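Since the structure comes first, as structure tokens, the remarks are kept for the end.
The values are calculated or read from the model by the stated rules, or taken from the named source; none is laboratory data. Please read all numbers here as calculations on a predicted model, not as lab measurements. Positions of Cβ are backbone-derived with ideal geometry, glycine not excepted, and every protein chain shown enters the neighbour counts. When the accessible area is computed, the model is the full protein with side chains, heavy atoms only, and any ligands, DNA or RNA have been set aside. Shrake-Rupley method; radii C 1.70, N 1.55, O 1.52, S 1.80 Å.
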Amino acid sequence: MNEANTVPVVYPEGRMVDEVERIAGRFPNNTAYEFMGRRRTYSGFVKDVDRCARALSAIGVREGEVVCISMPNVPQAITFIYAVNKIGAVANMIHPLSSEGEMLSFINRVEAKTLLLMDQFYGSIKNIRGNTGLQNVIVASIKEALPAYKKLPYSLTMGRKIKKIDPSEKIIRWNDFLKKADGVDELPKTSDRTDKEALILHSGGTTGKIKGVCLSNRSVNACAAQMKAANPMINDTDKMLTVMPIFHGNGLVIGVHTMLITGAKCVLIPRFTPETYARDLLRYRCNYMSGVPTLFERMMEVECMKKADLSFLKGVFSGADSLSVELERRIDKFLEEHNSPVRVRQGYGMTEGVVASSLNPMTGIREGSIGLPLPDTKMKIVRPGTDEELPVGEVGEIVFSSITNMMCYYKDEEETANTMRLHSDGNYWIHSGDLGTMDEDGFFYFKGRIKRMIITNGYNVFPMELENIIEGCSLVDRCCVLGVPDKERIEKVKAFIVLNKDVAPSDETRAKIKEFCKTKIARYAMPREIEFIDALPKTKVGKVDFNKLLEGSKKE
């Protein structure tokens, strides 16, 4: 077991919003966020939150009630989240691109009466609203959040593409919603919410079944405090490029909350491509950037990055998906060549622990490692399905225990018991369903999902190790290794390969890749099949979609 990071951390009591209000008292004139040229100071932001909280009270939202928020990274969403928190309600975060069926499930599961969403996504709720208990549907618009000089250009361009909502629809426009605050002079008093629900974030967890992860105010505040302790260079003059979506832990807790309890600035980006990500990074000269590996990979190819000076960077964080050693080396080389004083730091975490459990230190980064546990976080490798700790170097299940542990899965006692287990040390540990190892210095290494482990002819094969090797071939851009059914071996190893731009798919190319692998991969683990594809399919949050690859393989 490792609890390597022993930096002392003071954990705040109270709600998420209490910490933001405290920091606003210290830095009232600092910019809390910037959005497409519009800036809002901390003093202005907490006033917005208070007004929004009074509007929520006016429409009947009460302490403990679950409110649904289906929004991208825009000012209304940030204001609304903290307002919900201020009145003691619970924010249920939903992906704006969810299907009608998913929306229906997310809303009805928590018996929500109130929903906030963007006008362009109203179609996802229109047809199902009659099957929900929604009483208040609040609709916001990008235009409302823009500086005055951008409103007309937006209306004539992007705004024209948004389907108009029929006036007969029972919705509350954002500005009309805020006006309801005028009838509320004082907010109802709430109980101590420190150890009560603040957020519900959705996760596939350890089984792939989507579950609502209930997180307390304490766990969210603690996660932000841990990130600050592990990154003591963060200060009130810094800027974070907040592109990771706020309906997930990374975007909301790292991209927003950690910055807002520091007095730093969030540069809110509602949607992005590698091109716009690179452009915004350089335009705003953001000190911190967080993303998935594929985003960094594509960003390095963007034209404006070729001669970019990245000397302003203080932190580059990679998470949410595995970062191959080959790609890590390429990113580090790129950063060094562009005057960055920092390397990419890979971390590891799950929504069940808010967002992060481990992170590589600022100095002494271990290549291929997911780092050391964050302060006051314990991690160990156990034999899957047990609490039996395994020796250094042996592959087993990654488990962790921290103040950031989830409270439970929403109304799912069975899944909660399967994932959050009481060990003999008297602590509850999150069983991740991920395979990993720990080295003699306490650094952890991710080896893949337990369900992704391939068993062929009785041998255990770890896909990520093969992917790292194959991506080291000069012909290969990206690779994903999966086990596919095989009558003879139970499973056989199959590699899905994206070739470099100047390489043509052919039998000759396939033979060269196999030849490259021969001296690096054991015979039993060698890919029996290689399929060339144009790109690795991705889930909504940018991870490789293994199910889609397998489905395509079955159809052949």
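Only protein heavy atoms count here; under a 1.4 Å probe, ARG285 has an accessible surface of about 110 Å². Cβ-Cβ distance of SER311 and SER43, R₀ of 30 Å, FRET efficiency by 1/(1 + (r/R0)^6): the value works out to about 0.40. Spatial offset of the stretch 213-246 relative to the stretch 67-103 amounts to 18 Å, using the alpha carbon center of each. Applying the criteria of a DSSP loop state and at most 16 other Cβ atoms within 10 Å to the GluC sites (Glu not before Pro) of the stretch 71-143 yields GLU111. Think of it as helices only: each DSSP H run of n ≥ 4 in the chain is worth -39500 (n - 2.57), and spread over all residues that comes to -8000 deg cm²/dmol at 222 nm.
Dimensions of the stretch 306-438 along the principal axes, based on C-alpha atoms and rounded to the nearest Å, stand at 54, 33, 22, largest first. Ordering TYR122, TYR11 by accessible surface, largest first, gives TYR11, TYR122; the 1.4 Å probe counts only protein heavy atoms, with every chain in place. When the convex hull of its Cα atoms is viewed from all sides, the chain shows a mean projected area of 26.7 nm².
How far, in nm, would the chain grow between GLU275 and ASN339 when pulled straight, counting 0.36 nm per residue and subtracting the alpha carbon separation?
Residue separation times 0.36 nm, minus the Cα-Cα distance, leaves 21.0 nm.
Between GLU144 and LEU187, the distance separating the two model label sites (each 7 Å from Cα on the Cα→Cβ line) works out to 1.9 nm.
The stretch between GLU169 and GLU367 holds 65.8 nm of extra length on full extension. This uses 0.36 nm per residue minus the Cα-Cα distance. The Rg/Rh ratio for the stretch 1-111 is 1.05, where Rg is the radius of gyration of the alpha carbons and Rh is the Kirkwood radius. Qualifying GluC sites (Glu not before Pro) in the stretch 432-487, where qualification requires a DSSP coil assignment and no more than 13 other C-beta atoms within 10 Å, comprise GLU440. Rounded to the nearest 10 degrees, the angle from helix 42-58 to the longest Cα principal axis of the chain is 70 degrees. Computed over the alpha carbons of the stretch 104-206, Rg followed by Dmax gives 17.0, 48 Å.
In a reduced charge model with +1 at each Lys and Arg Cβ and -1 at each Asp and Glu Cβ, the stretch 1-100 shows a dipole moment near 460 debye about its Cα centre.
Largest accessible area first, the residues GLU197, GLU328, GLU65, GLU303 order themselves as GLU303, GLU197, GLU65, GLU328 under a 1.4 Å probe with ligands, DNA and RNA left out. Only protein heavy atoms count here; under a 1.4 Å probe, THR190 has an accessible surface of about 50 Å². Evaluated with a Cβ-only charge set (Lys, Arg +1; Asp, Glu -1), the chain carries a dipole of roughly 1840 debye about its Cα centre, given to the nearest 20. The solvent-accessible area of ILE381, taken with every protein chain present and a 1.4 Å probe, is close to 10 Å².
Among HIS202, HIS248, the sequence by solvent-accessible area, most first, with a 1.4 Å probe is HIS248, HIS202.
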